[in-house]
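Undergrad: Can you read through this structure? Questions will come right after.
The values are calculated or read from the model by the stated rules, or taken from the named source; none is laboratory data. Given the structure is predicted, the values throughout are model-derived calculations rather than measurements. Positions of Cβ are backbone-derived with ideal geometry, glycine not excepted, and every protein chain shown enters the neighbour counts. When the accessible area is computed, the model is the full protein with side chains, heavy atoms only, and any ligands, DNA or RNA have been set aside. Shrake-Rupley method; radii C 1.70, N 1.55, O 1.52, S 1.80 Å.
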Amino acid sequence: MSVKRTLTAATLVSIAVAAPALAQDPIPPAEALEGAFQAQKHFSPYAGRNFPTQVYWGDTHLHTGLSMDAGAFGARLTPEDAYRFARGEELTSSTGLQVKLGRPLDFLVVADHSDNMGFFPRLFAGDPGMLADPTGRRWYDMVQAGGQQGVAAAVEVIVAFSQNQFPEALASLPGSPAYRAAWEEMIDAADEYNDPGEFTAFIGYEWTSNTAGNNLHRVVIFRDDGAKATVVEPYTTLAPLGSDNPRDLWNWMQAYEDKTGGQVLAIAHNGNLSNGIMFPIVDSFTGRRFDRAYAETRAAWEPLYEATQIKGDGEAHPYLSPTDEFADYETWDKGNLDLSVAKQNDMLQYEYARSGLQIGLQLERQLGVNPYKFGMIGSTDSHTGLATAEEENFFGKHSGTEPGPERYKHPMAETPNGRYESWDMVSSGYAAVWATENTREAIFDAMMRRETYATTGSRMLVRFFGGWEFTAADAQSRLPGALGYTKGVPMGADLPARSGNGAPTFLVAALKDPFSGNLDRIQIVKGWLDARGERHEQVYDVTWSDTDRRQPGADGKLPPVGNTVDVANATWTNTIGAPELITVWTDPDFDPSQPAVYYARVLEIPTPRWTAYDAKRYGITMDPEVPMTTQERAYTSPIWYTP
Amino acid sequence: MNEKLTRWLREPLVHFLAIGVALFAVNALLTRGESNDAADRRVTVTEAEVRWLRDTWQSRWQRPPTQAELRGLVDDYVRQEILYREAIAMGLDRDDEVIRRRMVQKIEFLTNDLATQVQPTEPQLQAYFQQNLDRYRIPELRSFAHVYFNLDQRGEAAVADAEQLVARLRSETPGTVRPAELGDRFMLQHEYRLQSEQDVGRIFGQRFAGALFELEPGEWQGPIGSGYGLHLAYVTEVEEPQMPTLALVRGDVLRDYASELREQANDAMLASVRSRYTVEIDEAAIRVLALGGDSSVGDR
């Protein structure tokens, strides 16, 4: 393994040095490459392709015991443990269970909260300064008592923090030795476990802007190693050292790049808990309309959005998309993060990826730049140190929700304003990245060009290309990937300038996860603006399985694929659905004067949800309101058309 | 693990040093608290204590305390010290979950520190490497090409189609076959270079990986089932398992060694302390009181 790894690393270095521009070069037509065919060792006429041929799977958003709230919930695992687990090693979880991923991940970002990083290690160690504070003393006692008391402490800590009532004497601030130590522990673990060609360990952290309980969190990811990352300490949200305004975070990112020559990006998540300020039209910090600088800066630093995770799926909401029968998937819409303000319907449009993409088109019309031009990824946001999104192997949101017969009915979190049920947790998701190599540089660069997609935990393969010349015959191609790059642009890109009088064409293909359910259908979701600047959306079923018995009805709806799940035994059969779907789709409603954004959504057939595996494993019956099946799905990064 | 080091870690003297420091501190306080000796009922605040109080204040408030504030800190310290000794004397530390955990943590911190301070010598590292060779073994690697048959599209004919093709391919000149153009379209690659069985399992599923690593190289074989459908496979290259030199995997070995040292130090400490105790556990109670236990026994 190590020899192989060493060789790969050496090859990488030489490629990186010799041909940095290679990935940008036009792809030669397939016939031109056939001469490269070598009979003995290589069958493939396309060896040496310079576009991404492989998807790398990862989690960009994982917390360990270094995070203030994770520590409070009882997480004891360290960043080192988290990386070991992600690359496939077996560990003992914080609650003492043996745990191992069904399949290792290719990359991981440990993203502990920047505010009060290392707070819990300090509290555990009984730091005299902390215990001198009455609140600190009380939290210390609660955490030491463990169990439900520990969970109660965690909730208090989070509420105090989001309501800006965190005792000043307790804050773990950048510049202090404790803070430095925690940051360096994260950096060291990432550098130690980063293994170019085999496993990528990114340095990162989460900036947790949560003013009044409204979630504006961002995960910050470094392309660089510790030599650069140690020059800074993470940006926090509390003044005077930090700020809760994303503009200040972007300034910090710019300052980091100026100072070190490094590169960082930021990924927002959980718009569903932001109460209408994730994709706003008006700046929630000033009450004024955005300027062009805001749009330019946000677009530059935030190429991706985390569209699905444990605290709810963020692609679409049934109120916004009433005719989309799949929009109500694992919806979390009670209120903001700490439930201090209940959800109002008029907030929803500013919270979900689908409407956010359309609002981006509107802002682009006003400002000349689209601030919400993001691609999609999924991640767990797990606080256990364990990046699990597999239904049959789900370790929950935090250490208080690790597997056990009782976990589904304990609240995942409870505040004075309401509670989140544990059975509502979503075993989601992962980030899929089309990159040329498994290295920090290649994966980061792919994220910057948005060549990524989100899944709810399943590892299906999805290709999505847009262009003006795809024809139905292209769906018969033996190598749709090669063809897609030759005739069009991949997910995350802009359509090239319009040629001819036709409508845009899309080549879309999906291959099932060999460990999960067959595929139900592929849909293309289009969002656009009319002449008056109003937003519109439409979901098209573009290809589906079981065509012999399934055709759209009079209402234009495709009948459901069916359901083979045996809930009692937590099994299913792949007797419905298809292992692979592919098609070329031309927009039937195209108007060249209207800006539009297109992305693909791929649905699997129903399979058992994590609750079904728990019920079977522990021999329990859950309340009828607890869902027992799920339809795993993927959301690709969009392709944009600008008139 | 290195024999010398193991012996060193198991050395009672080392444990006594580590544990002794913690126990001595508590013990000294205990004895003082319990004694009625006038000298032990004396609370002394020296310059060292005052300096420590001042520094703690300063790190929190970013300025030194005023005289009145420092006086207040000292008064509070004296009050704490007296009440602490009284509480110990009254045995309030016993049966208190919070204090138990805190004491356990302190001892764990001590042993962890011991382990991280050990820098292995070259012979120790070499010995650790030798003893854990299996972990660093480069597994067998195989290069292969395959042809895919889509069961969903071909239905039951897939098996016959695959068998027909494999017969044909065997009669063809190796090197003229282009797997990407045979069978059904496959969106992953048709050819993989030097993959381990685990690598193949991640892409195709364990069943396919296991079968592939049994195949004779240099011949078209199959059909073999996978998570996608059926495949014909041709193994082009086999690289036998290899043993790397320490120099090649030095970073991995150092990392694993340090990690294991930490665990061993904890385990060794627990084992040595535990050996001085007789532990009696009511095994029947565990069976009865656990989930799904025999409810006819006990009061559940």
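Undergrad: Express in Å², to the nearest 10, the accessible area of B:Asp75 obtained by rolling a 1.4 Å probe over the protein heavy atoms while all chains stay in place.
TA: Accessible surface of B:Asp75 is approximately 80 Å².
Undergrad: Taking only the alpha-carbon atoms of the stretch A:177-251, what semi-axes of the equivalent ellipsoid follow from 5 times the gyration tensor eigenvalues under a square root, in whole Å, largest first?
TA: Numbers: eigenvalues 128, 39, 22 Å².
Ellipsoid half-lengths, sorted descending, are 25, 14, 10 Å.
Undergrad: Buried accessible area between A and B (1.4 Å probe, both chains summed, ligands and nucleic acids excluded), in Å² to the nearest 100?
TA: Working: alone 24290 and 20620 Å², together 40100 Å².
It comes to approximately 4800 Å² buried between A and B.
Undergrad: Under a Cβ-only charge scheme (Lys and Arg +1, Asp and Glu -1), can you give me the dipole magnitude of the protein assembly as shown about the Cα centre, in debye to the nearest 20? All intermediate terms of the calculation are to be shown ahead of the outcome.
TA: Details: 89 positive and 131 negative charges, 182 e Å.
The dipole magnitude comes to about 880 debye.
Undergrad: Pull up the cross-link candidates among the aspartates and glutamates for A:Lys100, meaning alpha carbon to alpha carbon under 13 Å and not fewer than 8 places away within one chain.
TA: A:Asp81, A:Glu89, A:Glu90, A:Glu390, A:Glu392
Undergrad: Within the set of other residues whose C-beta is less than 9 Å from the C-beta of A:Asp541, count the net charge using Lys and Arg as +1 and Asp and Glu as -1. It would help to have the intermediate numbers written out before the result.
TA: On the way: positive: A:Arg521, A:Lys557; negative: none.
Net local charge, A:Asp541 excluded: +2.
Undergrad: Are any of the pairs A:Lys334/A:Lys526; A:Lys397/A:Lys557; A:Lys343/A:Lys526; A:Lys373/A:Lys487; A:Lys343/A:Lys512 more than 30 Å apart by Cα-Cα distance, and if so, which? Kindly include the intermediate steps, with their values, before the conclusion.
TA: Details: A:Lys334/A:Lys526 27 Å; A:Lys397/A:Lys557 36 Å; A:Lys343/A:Lys526 26 Å; A:Lys373/A:Lys487 23 Å; A:Lys343/A:Lys512 36 Å.
Violating the 30 Å Cα-Cα cut-off are A:Lys397/A:Lys557; A:Lys343/A:Lys512.
Undergrad: Hey, another quick one. Dipole of the stretch A:268-337 (Lys/Arg Cβ +1, Asp/Glu Cβ -1, origin at the Cα centre): which of A:Trp301, A:Phe290, A:Tyr329 lies farthest to the positive side?
TA: Checking the options against the dipole of the stretch A:268-337, the answer is A:Phe290.
Undergrad: Another question, then. Would you tally the net charge around A:Pro559, using a Cβ to Cβ cut-off of less than 15 Å, leaving A:Pro559 out, and scoring K and R as +1, D and E as -1? Write out the running numbers ahead of the final one.
TA: On the way: positive: A:Arg521, A:Arg549, A:Arg550, A:Lys557; negative: A:Glu325, A:Asp520, A:Asp541, A:Asp546, A:Asp548, A:Asp555.
Net local charge, A:Pro559 excluded: -2.
Undergrad: Okay, moving on. Counting DSSP beta bridges in the protein assembly as shown, what percent are antiparallel, to the nearest 5?
TA: Within the protein assembly as shown, antiparallel bridges account for around 85 percent of the total.
Undergrad: Quick check: the distance between the Cα centres of the stretch A:457-517 and the stretch B:253-279, to the nearest angstrom?
TA: First find each Cα centre; the distance between them is then 55 Å.
Undergrad: Count neighbours as other Cβ atoms within 10 Å of each site's Cβ, and list the trypsin sites (Lys or Arg not before Pro) in the stretch A:229-307 that are DSSP loop with at most 11 such neighbours. Could you put the intermediate results ahead of the total?
TA: Values: sites: A:Arg247, A:Lys259, A:Arg288, A:Arg289, A:Arg292, A:Arg298; in loops: A:Arg288.
Taking the stretch A:229-307 and a limit of 11 other Cβ atoms within 10 Å, the loop trypsin sites (Lys or Arg not before Pro) found are A:Arg288.
Undergrad: Helix hunt in chain A: which complete DSSP H runs extend at least 15 Å axially by C-alpha with mean Kyte-Doolittle at least 1.0?
TA: A:2-18, A:147-162
Undergrad: With only Lys, Arg, Asp and Glu charged, each at its Cβ (+1 for the first two, -1 for the last two), find how big the charge dipole of the stretch A:55-158 is about the Cα centre; round to the nearest 20 debye.
TA: 200
Undergrad: Another one. With a cut-off of 8 Å between alpha carbons and a minimum separation of six or more residues, what is the relative contact order of the stretch B:192-300 in percent?
TA: Details: 69 pairs, mean separation 14.3, N = 109.
This gives 13 percent for the stretch B:192-300.
Undergrad: Compute the Cα gyration tensor for the stretch B:184-300, then decide on rounded, prolate or oblate, letting a ≥ b ≥ c be the square roots of its eigenvalues: rounded whenever a/c is under 1.5, prolate when a/b is larger than b/c in the other cases, and oblate in all that remain.
TA: Note, shape of the stretch B:184-300 comes out oblate.
Undergrad: Tally Lys/Arg at +1 and Asp/Glu at -1 over every other residue whose Cβ is under 9 Å from the Cβ of B:Arg135; what's the total?
TA: Working: positive: B:Arg137; negative: B:Asp134, B:Asp252, B:Asp256.
Residues near B:Arg135 contribute -2 overall.
Undergrad: Pairs of alpha-carbon atoms within less than 8 angstrom and 6+ residues apart define the contacts here; what relative contact order does chain A have, in percent?
TA: Details: 1513 pairs, mean separation 82.4, N = 643.
Averaging sequence separation for qualifying contacts and normalising by length gives 13 percent for chain A.
Undergrad: For the protein assembly as shown, restrict the atom set to alpha-carbon positions and state the Rg and Dmax in Å.
TA: Every Cα atom of the protein assembly as shown included, Rg and Dmax give 30.2, 103 Å.
Undergrad: Rank B:Ser143, A:Gly500, A:Gly457 by how far each Cα sits towards the positive end of the charge dipole of the protein assembly as shown (+1 on Lys, Arg Cβ; -1 on Asp, Glu Cβ) and give me just the farthest.
TA: With unit charges placed on the Cβ atoms, the residue in question is A:Gly500.
Undergrad: Just to confirm my numbers, what's the Cα centroid distance between the stretch A:594-613 and the stretch A:338-404 in Å?
TA: First find each Cα centre; the distance between them is then 15 Å.
Undergrad: Ok, one more. Using a probe of 1.4 angstrom, how much of the accessible area of chain A is carbon and sulfur, in percent?
TA: Numbers: 11310 of 21910 Å².
Taking all protein chains in place, chain A shows 52 percent carbon and sulfur surface.
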